[in-house]
Amino acid sequence: MAAGRTRTELGRALADARAAWGSPAWVAVAAIALAAAVPFLSLPWVRVDALAQTVYLAVTATALGLLVGTAGLPSLGAGAFVAVGAFTSALLVAREDWPLEPAALAGALAALAAALVFGGVVRLRPAFVAASTWALAWLVWLGLLAFPSISGGSQGLIVPDRNLLGLDATPTVHFEVALALLVLTALGIAAVRRGAPGLELTALRQAPPLAVSLGVRLGRRRLGAFAASAFVAGLAGGLSVQLAAVADPASYDPFLSFKLLVAVLLGGAAATLGPAAGVAVLGLIALASGPLARALQLPLERFDAAVAAILLVFVLALGGGGIVPWATRRLAHLGWFQRVRPSLQVTDCYKEEERREVPGGLVLHAQGLRKAYGGVVAVDALSLELVPGEAAALVGPNGSGKTTALRLLSGAVAADAGQVVLGDRDVTTATPSERVRLGIARTLQTVTTFPELTALEDVLVGRSVRRRYGGGIRTALATPNARRETAASEGAALEALALVGLRDVADVETQALTTSERRLVALAAALATEPDVLLVDELAAGVGADELERLAEVVARIRSGGIALLLVEHNLRLVRLVSDRVLVLAAGHVVAEGSVEEVAGSDAVRQAYLGAQTL
Amino acid sequence: MLAGLAVLAAGCGKSTGSPPGKIVLAVDVPVTGSPYVAQTIRNGAGLAVDRLNGGGGITVGDRKYKIVVKLYDNHLSARRAVENTRRALSAGAVAIVTDGTGVPATWQLARKDSVPIAITYDGATGLVDPDTRPNVFRIAPTNHAIAFRLAEYTIPKGLKVGLLHDDSAYGQEGAKDVDSAFSANPKSVATRMTLPAVATDLSAQILRARRSGATALLVWGQPSTIAAVLTAARTMGWNVPVFTPPTGADPYIRQRLADHPDWVDGLTFASGRMTAEVGAAPFKAFQSQYEATYGADKVGVTNSKGKQVVQPPEFAMYPYDFVNVLVAALTKAGSVDPHKVLPELNQVTTQGANGDERGFNEHNHEGVVDDDIYFARFHDMTYSPVPDDPLSSTLPTIPQTR
Amino acid sequence: MTIALQVLVSGLAAGGVYGLFAAGYSLMYRLTGIVNFAFGDLVGLGIFATLLVLAGTTPVTQSGAHEPRFVGALTVGLIVCVAAGIGTYVGLVQPYLSRGSTIGWVAGTAAVAFAIRAVIGATFQRSSYVFPDPLPFHRVGNAGFIKVAGAQVEARAFFVIGLALALALGSVWLLERSRFGRALRAVSDDAEGARVVGVPVDLVVALAFGLAGALAMIAAIAAAPGEAVNANTGTLLGLKGLIAALAVRFGPPLWAFAAGLVLGVVEAAIANVHLGSWQLGPSYREVLPLLFVLVLIAVWPSRDALEERE
């Protein structure tokens, strides 16, 4: 039975692969074959050991590309992980007589451990990430210099000859292994980029608050990227150190980390093969600096490094998004490299998820919530209840604490006092992503969509919280479960878009949509998290009168699914159209609660609005 | 007829007609990282090469050759040294002159092609071993020799020595040799301390050394550390004699203490002898030749009579001497094939720049032996050999003022 | 006790310099949201520009300070430092900032740092240089050393501490009272708002960059005569200033200054700690503070350091 299933899966995978195979794939295979043949061509100016080291560098840079490009974390510490991998491997080979392969693997694991220890930095703002990883690079380098017992002192650790994969570890063997590693890393990174982890990291990069409000776990995802790039760096370091025959601290100084970052930037952080191209460009700059220094008649070779550094500054000052994206755009004009979009066919593997059992009573119960900022009380003694399928509106003048109330309910802000109970669970201390997981989702007032995603991709981010097989490794290996879930997720995302009436614009970039359409996309994304309670902030902002009917229809459809809604609204006509109940908030307190008619006639409400428009 | 043709052929074989061949000499030095050392080695080797080439080249076998110097920058990194060695070997280098960076890693590579490596700066122990590393030679004072001579010099005077070293690589290397040199006489050691190499002021450490009862200080470290030690000691009124390895002669110390020549007085350093039994003439000739080509190395201070002090080109002698030894070996081997040249390096001797005989043998690849280490003491910003050491008392003072 | 006092004084002197660097980093971060990785090397550039004017690349001695060219050389050095700082901002920071590209300015400032270090190292051959003393401290006490409570301390150390404090407090006064300072505060609160109101944001920020560099360079020059100066001097000063600024998560410049002072004393203490005959040793001097701050910021980030969640 299991064998039959495996065969079906393999068959399906092969069919997918054959469908996706096109001319770019043939070009890639040809390029790889050509590259692999280079050491055997005995070209006179080619030095295989230098080439192999360059390819190892490209491997590290490619993995760094995921961290820097997709996740948006400017890491100046990649060289530190290479160093950790290199020295662990060198110590094991030289002092404990290990073979090379397990030593290199141990180096990769040591780098991974280091990444986990310092992994907290991924939760910081990008500027802090840059500064912290810079400090890490210096820490590792200074530490190696200061403790010659580990680093072998100024002469370094001598790494004796070893076998690599059964063959004598000559530069040629290292070159082929490095090339294979580069191909594997690139394939893995590309798969991760296209899959759920890549989408979530991109979302975290473009609009962190929005992604977090959709339940994306910022710390975990970014740490995954950080750890993965550290692992690959450590592996490359552990292998290349044997090729270099010596591990000395001077070669693993902060300049290495800098070179890797520049390679990513030059080649294009957004493209999988960008960093590798960047490494090649750096090599060319280094080669060019010698003759250039000679041409400028600078005495002695000591100016080579200075000229190279200055050339780099100029190239960076020119700006641009990198070489590979530039080249891809040029080639796109020629009709190559069309952006291949995954097919949007919903497979029959998608099943209707059973609606979760909701106790017949309250789905949301908040009691006595209070929040004060310094001396200013934003919300005080806020209590409300929601039953499934209900739509309640929270209205009030500006500054009355409506958005704060939503923040308290969703967990973006910790309450000073009070309780929030979801179904039968007390979620007062739960983090926002946990609450999303437990069924309470929210749209944001200011940021509605991710700037560089299409509507479908945007909604898919919301799907991420319900994925079980969306992890990095599963995606990289394209396991059957991951692939099946991806197809199912797309189906669910399309359903959510259809519910808000935007199925046709699934492929349109959100930047090209109108403001109200973007709010609907945000709503669809929140719906994709399969909430029991939906907190909607300013759905009707910027919407014309004729569209209100449409919005009311959308709300009705959501309610019919059993989801409870709490709408914060300024547009009182929409409130009248959709809500069963209205709560009026003024200066952080609920001053009136009841049906629309009851509240409309209330004096307190009129006072709160100070004679503003009537219901 | 046939005999005539044979004579003709033999005549054509002579190099009068054909252009001189090329011998590649690789010089692998820290151009970036320690440019002054790199400059010294390059100049020393270059001086010898220019002299040989200027005389029409060298004759090896029955062909004339000119020596081409290929310069590589090892950035003070062992890994770069390995890369450079690979490049030098593929360029067909007949020998590699280096400051010593990366030799533990590069010697095996060079060994495969039987190419000799000559260390002309680094004196660290363990780099040279004729039995296991037959292609590694050194012409430079060794840390081991300097440490033992320092011990030999200070212990009989009854001094209690404070053994100080800084945390630079050089300091840490030397500390090991110093410790083993003084291991037989623990009573002569007042204290052992590690000093931070980049130090603003070492008063605390020197105070501690003084309190430990030291009557002399041995400072193995960078010139900046030695200067800081002198400053700290003299300002607290402690006129302790300070002994150092060759770094004590570095101009930096005199530049730093230019306002206090009396602080520099009494600083004693150990180094390789600049002159030989035959007198100062050969070295002076070498010095004037060096300064004519590269200019005098001004220290930047003046002595009490207002004359400019210059630094004699001591370390440039060593690569200069090696090139001459190498050429002698090439000539004796009659071939530029390294496999034939390497054994001859153990057989030849030449006259060094200072007039001494330079050469190696199967059991000794050190060009500067323990007995060649002398002591010099500073007075009035210039140094001269000390009178109370058997070797040093026989050596003349090299003029250092212009 | 005397050793403790020596550690304290020399630590505070070094810390004063670190503190000014830290304050500079904080100021630049609060103004623009960037970390200027080239900061330390820019100061190093200024120092070596001074040396270059004074004596070319030939050796300089302590007595070089007596030359009348010294003041001119110092001015040139300051101008070079300030100009390079402004140039870095205009050429490699501002363009990327306006595009919102973090990796751009990170790579740009780091590139400037490495380029300066490479050029200095290539031009100046020796492993260390003497920076002449602008003030005649060697006339004070015993060649610049005075006895305080049995401890031998450099008179210059007190000068450096005082100068650093004065510069730090002076900048705070500048920020509070002057028009320039108000403009700076407006920009750091809300750059777009300040632009709308008419504040020449780019000009103000560029000037601030230059000013930060000038302040740090003055402090570095005050301390430089006490130690060997080489291409790494600026880089290491910058690194330590950055660590101190990181420790306070780029908080108010005065806090960063205080963190720098603490760092200086901690460093001196680590290098000198002797428990009986066991010595922690100078090797730990730089490594321990780095490790501590890294762990601190990884494990316990403050709210403004954390990635925005709302």
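Mind listing whichever residues of region A:369-402 are within 35 Å of the chain's Cα centre (by Cα), in a strand (DSSP E or B) and crowded, with 16+ Cβ neighbours inside 10 Å? Result: A:369, A:370, A:371, A:378, A:379, A:386, A:391, A:392, A:393, A:394.
The residue that is farthest from residue A:204 (Cα to Cα), among those in region A:435-457 that are of a type outside the set (A, V, I, L, M, F, W, C) and crowded, with 24+ Cβ neighbours inside 10 Å, is A:435. If you filter region A:136-163 down to residues that are facing another protein chain (nearest Cβ under 7 Å) and in contact (Cβ under 8 Å) with a residue 24 or more places away in the chain, you find that the one that is nearest to residue A:121 (Cα to Cα) is A:136.
Residue-wise test of (1) among the hydroxyl-bearing types (Ser, Thr, Tyr); (2) away from chain B (no Cβ under 14 Å); (3) under 19 Å from residue C:41 (Cβ atoms).
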{"residue": "C:201", "(1), (2), (3)": "no, yes, no"}
{"residue": "C:216", "(1), (2), (3)": "no, yes, yes"}
{"residue": "C:224", "(1), (2), (3)": "no, no, yes"}
{"residue": "C:232", "(1), (2), (3)": "no, no, yes"}
{"residue": "C:237", "(1), (2), (3)": "no, no, yes"}
{"residue": "C:240", "(1), (2), (3)": "no, no, yes"}
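For region B:182-228, a residue qualifies if it is part of a strand (DSSP E or B) and away from chain C (no Cβ under 12 Å), and the qualifying residues are B:189, B:190, B:216, B:217, B:218, B:219, B:220. Scanning region C:241-273 for residues that are within 9 Å of residue C:18 (Cα to Cα) and outside any helix (DSSP H, G or I) gives no hits. Scanning region C:138-156 for residues that are surrounded by 17 or more Cβ atoms within 10 Å (Cβ to Cβ), in a helix (DSSP H, G or I) and more than 20 Å from the chain's Cα centre (by Cα) turns up C:138, C:155.
Restricting region B:379-402 to residues that are of a type in the set (Asp, Glu) and surrounded by 15 or more Cβ atoms within 10 Å (Cβ to Cβ), the residue that is farthest from residue B:270 (Cα to Cα) is B:380. Take the residues in region B:61-88 that are within 14 Å of another protein chain (Cβ to nearest Cβ), out of contact with any Ser or Thr (no Cβ under 8 Å at 6 or more places or on another chain) and hydrophobic (A, V, I, L, M, F, W, C); name whichever of them is nearest to residue B:321 (Cα to Cα). Only one residue fits best here, namely B:69.
Scanning region C:6-27 for residues that are under 13 Å from the mean Cα position of the chain (by Cα) and not hydroxyl-bearing (Ser, Thr, Tyr) yields C:13, C:14, C:15, C:16, C:17, C:19, C:20, C:21, C:22, C:23, C:24, C:27. The residues in region B:1-49 that are surrounded by 14 or more Cβ atoms within 10 Å (Cβ to Cβ) and either modelled with pLDDT under 85 or within 20 Å of the chain's Cα centre (by Cα) (or both) can be counted, and the count is 27.
Considering B:96, B:58, B:117, the condition of being over 15 Å from the mean Cα position of the chain (by Cα), more than 13 Å from chain A (Cβ to nearest Cβ), closer than 17 Å to residue B:326 by Cβ and modelled with pLDDT of 95 or more is satisfied by B:96 alone.
When residue C:116 is tested against (1) among the hydrophobic types (A, V, I, L, M, F, W, C); (2) out of contact with any Asp or Glu (no Cβ under 6 Å at 6 or more places or on another chain); (3) within 12 Å of chain A (Cβ to nearest Cβ), exactly one condition is not met: (2). Being surrounded by 16 or more Cβ atoms within 10 Å (Cβ to Cβ), under 17 Å from the mean Cα position of the chain (by Cα) and within 14 Å of chain C (Cβ to nearest Cβ) is the requirement here; does residue B:297 meet it? When the stated conditions are applied, residue B:297 passes them.
Within region B:172-204, the residues that satisfy the criterion of being under 25 Å from the mean Cα position of the chain (by Cα) and under 14 Å from residue B:154 (Cβ atoms) are B:178, B:181, B:182.
Yes or no, residue by residue, for (1) facing another protein chain (nearest Cβ under 7 Å); (2) touching a strand residue (DSSP E or B) at 6+ places or on another chain (Cβ under 7 Å):
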position	(1), (2)
C:97	no, no
C:109	no, no
C:122	yes, no
C:128	yes, yes
C:133	no, no
C:150	no, no
C:187	no, no
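I need the full set of residues from region C:265-297 which are of a type in the set (Gly, Ala, Ser) and either under 15 Å from residue A:125 (Cα atoms) or at pLDDT 85 or above (or both), in order please. Within region C:265-297, C:268, C:269 meet the criteria. Checked against (1) more than 17 Å from the chain's Cα centre (by Cα); (2) at pLDDT 80 or above; (3) closer than 28 Å to residue C:165 by Cβ; (4) within 10 Å of chain A (Cβ to nearest Cβ), residue C:300 passes all but condition (3). None of A:190, A:180, A:203 is surrounded by 19 or more Cβ atoms within 10 Å (Cβ to Cβ) and out of contact with any Cys (no Cβ under 7 Å at 6 or more places or on another chain) except A:203. Of all the residues in region B:124-146, those that are buried (at least 23 other Cβ atoms within 10 Å of the Cβ) and out of contact with any strand residue (DSSP E or B) (no Cβ under 8 Å at 6 or more places or on another chain) number 2.
Reported count of residues in region A:298-329, each being more than 9 Å from chain C (Cβ to nearest Cβ), over 19 Å from residue C:105 (Cα atoms) and modelled with pLDDT under 70, is 2. Scanning region C:122-137 for residues that are part of a helix (DSSP H, G or I) and surrounded by fewer than 20 Cβ atoms within 10 Å (Cβ to Cβ) gives a single hit, C:123. Does residue B:176 qualify as being over 27 Å from residue B:45 (Cβ atoms), surrounded by fewer than 19 Cβ atoms within 10 Å (Cβ to Cβ), modelled with pLDDT under 95 and within 14 Å of another protein chain (Cβ to nearest Cβ)? In short, yes. On the stretch given as region A:413-429, residues that are within 14 Å of chain C (Cβ to nearest Cβ) and surrounded by 17 or more Cβ atoms within 10 Å (Cβ to Cβ) total 1.
Of all residues in region B:353-387, those satisfying the criterion of being in a loop (DSSP other than H, G, I, E, B), over 29 Å from residue B:97 (Cα atoms) and in contact (Cβ under 8 Å) with a residue 12 or more places away in the chain are B:380, B:381, B:386. Here the condition is being within 14 Å of chain B (Cβ to nearest Cβ), farther than 27 Å from residue C:309 by Cα, crowded, with 24+ Cβ neighbours inside 10 Å and in contact with a helix residue (DSSP H, G or I) (Cβ under 8 Å, 6 or more places away or on another chain); of A:289, A:257, A:240, it holds for A:240 alone.
The values are calculated or read from the model by the stated rules, or taken from the named source; none is laboratory data. Because the structure is predicted, anything quoted here is derived from the model rather than measured. All Cβ positions, glycine included, derive from the backbone under ideal geometry; neighbour counts span all protein chains shown.
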